[in-house]
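The values are calculated or read from the model by the stated rules, or taken from the named source; none is laboratory data. Remember, it's a predicted structure, so these values are computed and weren't measured experimentally. As a convention, Cβ positions derive from the backbone with ideal geometry for all residues, glycine included, and neighbour counts pool all protein chains shown.
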Amino acid sequence: MINVIGLGYIGLPTALMLAAHGNKVIGTDYNKDLVNTLNLGRTTFKENELDELFQNAVDAGIKFTTEYQKTDIYIISVPTPYDKFTKKVDITYIVKAVRDVMKVAPKGCIVVIESTVSPGTINHYVKPEIEADGFKIGEDIHLVHAPERIIPGNMIYELLHNNRTIGADEYEIGEKIKNIYSSFCQGKIVVTDIKTAEMTKVVENTYRAVNIAFANELAKICRHDNMDVYEIINICNMHPRVNILWPGPGVGGHCISVDPWFLVGNYPSLAKVIDESMKTNDAMPDFVLNRIYEIMHQEGLQDLSKVGFYGLTYKENVDDMRESPTLQMIESMERHLCNNLVKIYDPYIKNDIVKNQMHDLDAFLDSIDMIVLLVGHDEIKQNIEKLSKKIILDTRKICDIEGTYRI
Ligand code: SAJ
């Protein structure tokens, strides 16, 4: 039986996928409300095809509980934020989960860490926790790192089709866990050592963060000298060995905006490009605020209550607001003691979470003269003609109406 610990954005789909493919699974989470919701037959976030997968897993006998199970395989999938000051990975949740597991774990079991961690974390911080309980690593307890690669919005498809990495310092243990993931994963599964697996996961997200930072920097250069960054990137990307990503209002989510900091935290005197890239991306919400200021000035618009932000999530067509650039802009305005009058709307966010939040697209548009497109949800793409009389600042290149401003 597999006990999946942590039923969040990654743990839940993974537990469901394992259960739906013939594995006996019990999902454990310390959040009682979350477990109750799942036991009532409801999923806890929106994701394509998640509800169908949930039903299949329930039919296959998955159980949800707050109790840790006595079993032979644990998969730990809890959040790993970063410490805002040191930038190092914050492994509080992993350590707590490992400690709780050790209270019930029988000798010989395998503990798989799915959460993203910086290279060396499992050796330096997880192993000592386990050894402190009197267990011998490699004999009593076997450790594996199995990072995921799924992207919010397309998680289920990617769980089935992406290639994966398994890190294990013992050959047979790596192969055993590879077999378990092979029950659903149709991609290639590479088995390597733990530290290499830790590093690859962080490097993948860092690669994207640096590439996005490059695009954001190009956007600033092009803005300064009146060039079209989108046309320039499009042309450059026709080169067979160039693939530049796109500028935007900032980088959100819980991966690309977080994981690269682990390298800066661990190797501060070496990770220079990464450090600058992260700072570049983190400065984008303020850059957009500055663009709004410039455009309002240019258009003679003074009333901030006539400005609307479209989108609160960190990217299109998801309901996930973690590290969202829009929230960072609102926070920045508040930090500058600006009485926030801006109207906010996002079709995916039904609860009121910020001031002046509206819940109807037409009412939102009727109340404003200027719209700032911060997320490219399909909803606004399908209603783009409704913006024809507005002043538009499009940070996502989704609007071709003449006169549209860009970052
Ligand atoms: N963004 C840009 N410009 C771009 C692409 C993205 O500004 O050209 C912004 C997005 O708007 C968003 C942020 O970056 O705010 C991140 O979005 P994303 O869709 O690129 O990635 P995530 O965070 O949703 O998922 C990533 C993926 N990692 C990589 O592509 C290397 C996913 O495969 C990982 O599984 C996931 O992080 C994770 O769990 O680490």
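Table for the structure above
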quantity: Matching residues in segment 9-42 - criterion: being of a type outside the set (D, E, K, R), over 25 Å from THR116 (Cβ atoms) and touching a residue at least 12 places away in the same chain (Cβ under 8 Å); calculated: GLY22, ASN39, GLY41
quantity: Contacts under 8 angstrom Cβ, first residue in segment 379-407 being without any contact (Cβ under 8 Å) to a residue 40 or more places away in the chain, partner assigned to a loop (DSSP other than H, G, I, E, B) and of a type in the set (Gly, Ala, Ser), 6 or more apart; calculated: ILE392/GLY403; ILE398/GLY376; ILE401/SER388
quantity: Residue list for segment 303-319, restricted to those being under 13 Å from the mean Cα position of the chain (by Cα) and either surrounded by 20 or more Cβ atoms within 10 Å (Cβ to Cβ) or farther than 16 Å from ILE256 by Cα (or both); calculated: THR313, TYR314, LYS315, VAL318, ASP319
quantity: Count of residues meeting criterion [in a strand (DSSP E or B) and in contact (Cβ under 8 Å) with a residue 60 or more places away in the chain] in segment 63-110; calculated: 7
quantity: Identity of the residue in segment 229-262, in contact (Cβ under 8 Å) with a residue 12 or more places away in the chain, in a helix (DSSP H, G or I) and surrounded by fewer than 23 Cβ atoms within 10 Å (Cβ to Cβ), that ends up nearest to the ligand (Cβ to nearest atom); calculated: ILE233
quantity: Only listed residue being touching a Ser or Thr at 6+ places or on another chain (Cβ under 8 Å) and outside any loop (DSSP other than H, G, I, E, B), chosen from PHE364, PHE309; calculated: PHE309
quantity: Segment 281-302, subset farther than 14 Å from ILE371 by Cβ, touching a Ser or Thr at 6+ places or on another chain (Cβ under 9 Å) and among the aliphatic types (A, V, I, L, M), residue surrounded by the fewest Cβ atoms within 10 Å (Cβ to Cβ); calculated: LEU289
quantity: Residue in segment 218-228 that is nearest to PRO325 (Cα to Cα), counting only those that are in a helix (DSSP H, G or I) and away from the ligand (no atom under 12 Å from the Cβ); calculated: LYS220
quantity: Residue among GLU198, GLU204 that alone is of a type outside the set (Gly, Ala, Ser), out of contact with any strand residue (DSSP E or B) (no Cβ under 9 Å at 6 or more places or on another chain) and within 14 Å of the ligand (Cβ to nearest atom); calculated: GLU204
quantity: Unique residue being within 30 Å of GLU316 (Cα to Cα) and either more than 16 Å from the ligand (Cβ to nearest atom) or modelled with pLDDT of 95 or more (or both) when the list is ILE122, ILE113, ILE141; calculated: ILE113
quantity: Qualifying position, being assigned to a helix (DSSP H, G or I), modelled with pLDDT of 95 or more and within 16 Å of the ligand (Cβ to nearest atom), among ILE330, ILE295; calculated: ILE330
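For every residue, the table says whether it meets (1) under 30 Å from ASP275 (Cα atoms); (2) surrounded by fewer than 17 Cβ atoms within 10 Å (Cβ to Cβ); (3) within 16 Å of the ligand (Cβ to nearest atom).
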| position | (1), (2), (3) |
| --- | --- |
| LEU38 | no, no, no |
| GLU47 | no, no, yes |
| GLN55 | no, yes, no |
| ILE62 | no, no, no |
| THR71 | no, no, no |
| TYR74 | no, no, no |
| LYS84 | yes, yes, no |
| TYR93 | yes, no, yes |
| VAL101 | no, no, no |
